[in-house]
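Reading through the structure tokens given below for one structure.
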Amino acid sequence: MSLITVHQFTVVEDRHERRPDVVLFVNGLPLSVIELKNATSESATIWSAFNQFQTYKEEIPSLFAFNEALVISDGVQARIGTLTSDREWFMPWRTIDGEELADTKLPQLQVVLEGAFEKRRFLDMVRHFIVFEDVGGGVLHKKMAGYHQYHAVNVAVQETIRACVPVSETFAVKEEGGTYFAKGQRDAKPGDRRVGVVWHTQASGKSLTMAFYAGRVILHPAMDNPTLVIITDRNDLDDQLFGTFARCHELLRQEPEQAKSRMHLRELLHTGSGGVVFTTIQKFFPPEGEDQHPLLSDRRNIVVIADEAHRSQYDFIDGFARHMREALPGASFIGFTGTPIELTDKNTRAVFGDYISVYDIEQAVKDGATVPIYYESRLAKLELDERERPKLDEEFEVATEGEEVEHKERLKTKWAQLEALVGAEKRIRLIAQDIVDHFEHRLEAIDGKAIVVCMSRRICVELYEAIAQLRPDWHNNDDLPAPRAARQAGDKMEIKVVMTGSASDPVEWQQHIRNKARRKELAKRFKNPDDPFKMVIVRDMWLTGFDVPCLHTMYMDKPMRGHGLMQAIARVNRVFKDKSGGLVVDYLGLAHELKSALATYTESGGKGRTAVDQEEAVAVMLEKYEVCCGIFHGFDWSTWISTDP
């Protein structure tokens with residue numbers, strides 16, 4: 001194996017001659033390029049280096065035919081990215097050996113070079129931690145694992161070998177010891193079938209981490225061609241995760257398969273080796289007439305990978321996990337979650353074990369993997385009498401996680417009583433007016449999209465109609481976007497309701513009820529930042545596992561709590577261009593629920609806040625404004641605020 005670095009390597013192509021600062025050759029292939037700027041120059045920044053790479057890609061593209069990683073540095077800061085990374089996705093690498101964060105006194109460039117370019121780690125990254133994803137329109141983006149993903153996966157593989165291999169068959173694992181936010185369980189025993197839990201905050205790449213992990217486990221010789229079973233508890237999550245794995249099938253060395261039914265699941269798991277099978281956990285429930293699930297395989301090289309491992313269904317006594325154990329008694333379990341496990345949740349730890357990797361909100365925001373979420377209560381903006389204001393109490397917690405039931409039953413529940421207040425005609429009109437005014441002002445400051453979360457499908461439809469009365473041009477019966485020329489002429493904007501339903505639902509709901517294929521097309525439109533479809537109204541769809549980086553505002557008018565609330569508000573924390581943060585607008589008084597979620601978060605060892613009060617952000621802005629006024633004292637800068645940008 002030959003690794004050579006060349007300084008000022010000259011490349012001549014199509015009458016252009018360029019000299020990148022450092023090129024790393026592996027067996028003669030230029031796998032990485034490093035561009036450095038002088039730290040003593042005020043005009044030189046890491047973004048000057050980034051811009052230089054864009055020039056290189058245009059003028060000497062052949063240099064990048066085999067490229068796996070790009071590094072930019074100005075001597076103070078350093079970032080690593082891929083050939084297709086936009087500037088917001090050039091990320092810091094904050095650890096050298098993975099055991100802990102590197103000392104902040106060390107130059108960032110040193111941390112990147114020693115952390116990511118150590119020979120074994122770099123080759124490991126190239127082989128197992130780089131994928132291509134279609135971002136739409138046939139455009140491929142190359143994605144590379146961040147430091148938290150890389151070390152989490154390696155420790156998870158180490159723990160998988162420990163959990164799967166019986167004591168009498170111990171296997172030497174080559175991975176190094178504990179890693180940053182990724183440590184083997186303290187009291188875990190060989191062969192206990194509990195791999196552990198990976199808690200990486202929402203929007204930090206959890207789905208890709210799962211795919212990287214699957215690829216590493218499949219290739220490990222100790223696993224002897226394992227079978228992987230990926231489980232979720234909802235069909236939409238199953239589809240989303242399956243899509244991620246399908247796009248990464250080259251990592252898996254096989255095409256994943258999705259169980260269509262209970263019988264299909266049994267067929268897929270009746271195999272002697274291999275296979276990547278996706279299923280919802282409910283498909284493990286035995287059919288009527290069967291008290292327990294029949295044995296499908298007693299092999300020990302089966303790994304069950306659970307998404308959102310804190311769900312209540314993972315219970316060996318009454319939950320679906322019992323039936324999984326009956327079907328796959330030798331399987332080992334690993335959980336991935338974007339929110340922490342409550343300290344009182346003993347079931348999850350009994351199934352999966354303890355944390356083996358943690359990447360919290362604070363670290364994700366520092367790294368630029370996510371943006372902060374700001375919270376704004378607009379209860380005071382609704383001119384309602386005290387008796388017209390919905391109230392939440394502790395007894396309502398059960399209902400907040402429930403589904404709507406049939407009309408007769410619903411009248412008997414607390415959910416129905418609250419739904420009647422929340423969905424009162426006067427209140428819906430007030431909220432519609434406030435959303436329209438607020439979002440139009442929001443769009444003046446930053447372009448992007450919004451999601452409105454309502455308590456019931458009835459409220460979704462009636463709120464849509466109220467908004468459409470205020471802004472008739474936002475309504476569009478067609479799911480296809482208006483022609484570009486018409487959009488540009490009228491600055492067209494569209495709003496939609498996304499929900500499920502049936503032919504037995506009221507006639508006025510039918511225009512909003514779409515099949516799976518039509519909802520998928522709408523999802524593509526909503527993810528496109530240039531599409532006029534800028535606002536969507538939902539009850540529970542698109543609140544988990546749905547990534548829309550340009551989404552910056554959530555209007556919350558549904559009682560939620562705990563994991564569900566944290567997962568929902570995380571829809572607005574994705575990184576996108578110059579988006580500085582997401583905003584959650586509360587019409588129901590969920591501040592207490594956010595505080596409770598934060599308490600669970602900090603109890604579990606996480607740092608950072610689930611949402612920052614907007615008043616705090618305003619106070620900081622005013623403080624900085626005063627500083628700027630002092631700097632420009634004596635200058636007439638009135639034209640700066642009175643003219644168009």
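The values are calculated or read from the model by the stated rules, or taken from the named source; none is laboratory data. All of these numbers come straight from a predicted model, not from anything done at the bench. Neighbour counts are summed over all protein chains in view; Cβ atoms, including those assigned to glycine, are modelled from backbone coordinates with ideal geometry. Surface accessibility is based on the protein's heavy atoms, side chains included, excluding ligands, DNA and RNA. Shrake-Rupley method; radii C 1.70, N 1.55, O 1.52, S 1.80 Å.
Going through the range 295-321 one residue at a time, which ones are at pLDDT 80 or above and open to solvent by 50 Å² or more (accessible area, probe 1.4 Å)?
Selection gives L295, D298, R300.
Considering only helices (runs of 4 or more DSSP H) fully contained in the range 379-454, which possess at least 1 residues that are modelled with pLDDT under 85?
By residue number, 397-400, 407-410, 414-422.
Do we have L594 as touching a residue at least 12 places away in the same chain (Cβ under 8 Å) and either open to solvent by 10 Å² or more (accessible area, probe 1.4 Å) or among the basic types (K, R) (or both) here?
yes
Give the residue that is nearest to F122 (Cα to Cα), with candidates limited to residues of the range 35-54 that are without any contact (Cβ under 8 Å) to a residue 40 or more places away in the chain and touching a helix residue (DSSP H, G or I) at 6+ places or on another chain (Cβ under 6 Å).
E35
Quickly run through the range 341-378 and pick out the residues that are at pLDDT 85 or above, over 20 Å from the mean Cα position of the chain (by Cα) and part of a helix (DSSP H, G or I).
F352
Checking R94 against (1) of a type in the set (D, E, K, R); (2) open to solvent by 50 Å² or more (accessible area, probe 1.4 Å); (3) without any contact (Cβ under 8 Å) to a residue 60 or more places away in the chain, only one condition comes out false. Which one?
(3)
Can you tell me which residue is farthest from A420 (Cα to Cα) among those in the range 462-492 that are at pLDDT below 85 and assigned to a helix (DSSP H, G or I)?
Looking at the filtered set, the residue picked out is A485.
If only one of F245, F278, F212 is assigned to a strand (DSSP E or B), of a type in the set (F, W, Y) and crowded, with 21+ Cβ neighbours inside 10 Å, which one is it?
Step by step, each of F245, F278, F212 is checked, and only F278 is assigned to a strand (DSSP E or B), of a type in the set (F, W, Y) and crowded, with 21+ Cβ neighbours inside 10 Å.
Kindly check whether there is at least one residue in the range 544-553 that is charged (D, E, K, R), open to solvent by 10 Å² or more (accessible area, probe 1.4 Å) and out of contact with any helix residue (DSSP H, G or I) (no Cβ under 7 Å at 6 or more places or on another chain).
Yes, there is a match, as at least one residue in the range 544-553 is charged (D, E, K, R), open to solvent by 10 Å² or more (accessible area, probe 1.4 Å) and out of contact with any helix residue (DSSP H, G or I) (no Cβ under 7 Å at 6 or more places or on another chain).
Can you pull out the residues in the range 1-51 that are of a type in the set (K, R) and out of contact with any Ser or Thr (no Cβ under 6 Å at 6 or more places or on another chain)?
Passing the criteria: R15, R18.
Please state which of the following conditions G272 fails to meet, knowing it meets all the rest: (1) open to solvent by 30 Å² or more (accessible area, probe 1.4 Å); (2) part of a helix (DSSP H, G or I).
(2)
Please find, among E59, E100, E17, the residue that is of a type in the set (D, E, K, R) and closer than 26 Å to F132 by Cα.
Details: E100 fails: closer than 26 Å to F132 by Cα; E17 fails: closer than 26 Å to F132 by Cα.
The unique qualifying residue is E59.
One line per residue, one yes/no per condition, for (1) over 25 Å from the mean Cα position of the chain (by Cα); (2) within 30 Å of D14 (Cα to Cα):
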site	(1), (2)
N67	yes, yes
D74	yes, yes
T82	no, yes
S85	no, yes
E100	no, no
E114	yes, no
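Working only within the range 1-34, note down all residues that are within 27 Å of R120 (Cα to Cα), open to solvent by 80 Å² or more (accessible area, probe 1.4 Å) and not in a strand (DSSP E or B). Break it down into steps so the answer makes sense when it comes.
Looking only at the range 1-34, we keep the residues that are within 27 Å of R120 (Cα to Cα), and these are 1-9, 20-34.
Narrowing further to those that are open to solvent by 80 Å² or more (accessible area, probe 1.4 Å): 1, 4-5, 7, 27.
The answer is M1, N27.
Taking the range 493-514, which residues are in a loop (DSSP other than H, G, I, E, B) and either more than 15 Å from W542 (Cα to Cα) or of a type in the set (D, E) (or both)?
Result: M493, G501, S502, A503, S504, D505, P506.
Which condition does G330 not pass, out of (1) among the small types (G, A, S); (2) outside any loop (DSSP other than H, G, I, E, B); (3) at pLDDT 90 or above, if it passes all the others?
Result: G330 passes all but (2).
Given the condition surrounded by 18 or more Cβ atoms within 10 Å (Cβ to Cβ), touching a helix residue (DSSP H, G or I) at 6+ places or on another chain (Cβ under 6 Å) and assigned to a strand (DSSP E or B), answer yes or no: does some residue in the range 554-562 qualify?
Within the range 554-562, one or more residues are surrounded by 18 or more Cβ atoms within 10 Å (Cβ to Cβ), touching a helix residue (DSSP H, G or I) at 6+ places or on another chain (Cβ under 6 Å) and assigned to a strand (DSSP E or B).
Of all residues being among the acidic types (D, E) and assigned to a helix (DSSP H, G or I) in the range 35-81, which is least open to solvent (accessible area, probe 1.4 Å)? Just the residue, please.
Looking at the filtered set, the residue picked out is E59.
What residue, among those in the range 98-120 that are of a type in the set (D, E, K, R) and in contact with a Phe, Trp or Tyr (Cβ under 8 Å, 6 or more places away or on another chain), is surrounded by the fewest Cβ atoms within 10 Å (Cβ to Cβ)?
By that ranking, first place goes to E100.
Only one of these is in contact with a Lys or Arg (Cβ under 6 Å, 6 or more places away or on another chain) and at pLDDT 80 or above: V217, V157, V197, V229. Name it.
Answer to the check: V157.
Taking the range 414-453 only, how many residues are under 26 Å from V548 (Cα atoms), of a type in the set (A, V, I, L, M) and open to solvent by 30 Å² or more (accessible area, probe 1.4 Å)?
Number satisfying all stated conditions: 3.
For I513, which of the numbered conditions (1) among the β-branched types (V, I, T); (2) crowded, with 19+ Cβ neighbours inside 10 Å; (3) touching a strand residue (DSSP E or B) at 6+ places or on another chain (Cβ under 8 Å) fails to hold?
The one condition I513 does not meet is (2).
Taking the condition of being open to solvent by less than 50 Å² (accessible area, probe 1.4 Å), in contact (Cβ under 8 Å) with a residue 60 or more places away in the chain and out of contact with any Leu (no Cβ under 8 Å at 6 or more places or on another chain), how many residues in the range 220-242 meet it?
Total meeting the criteria: 10.
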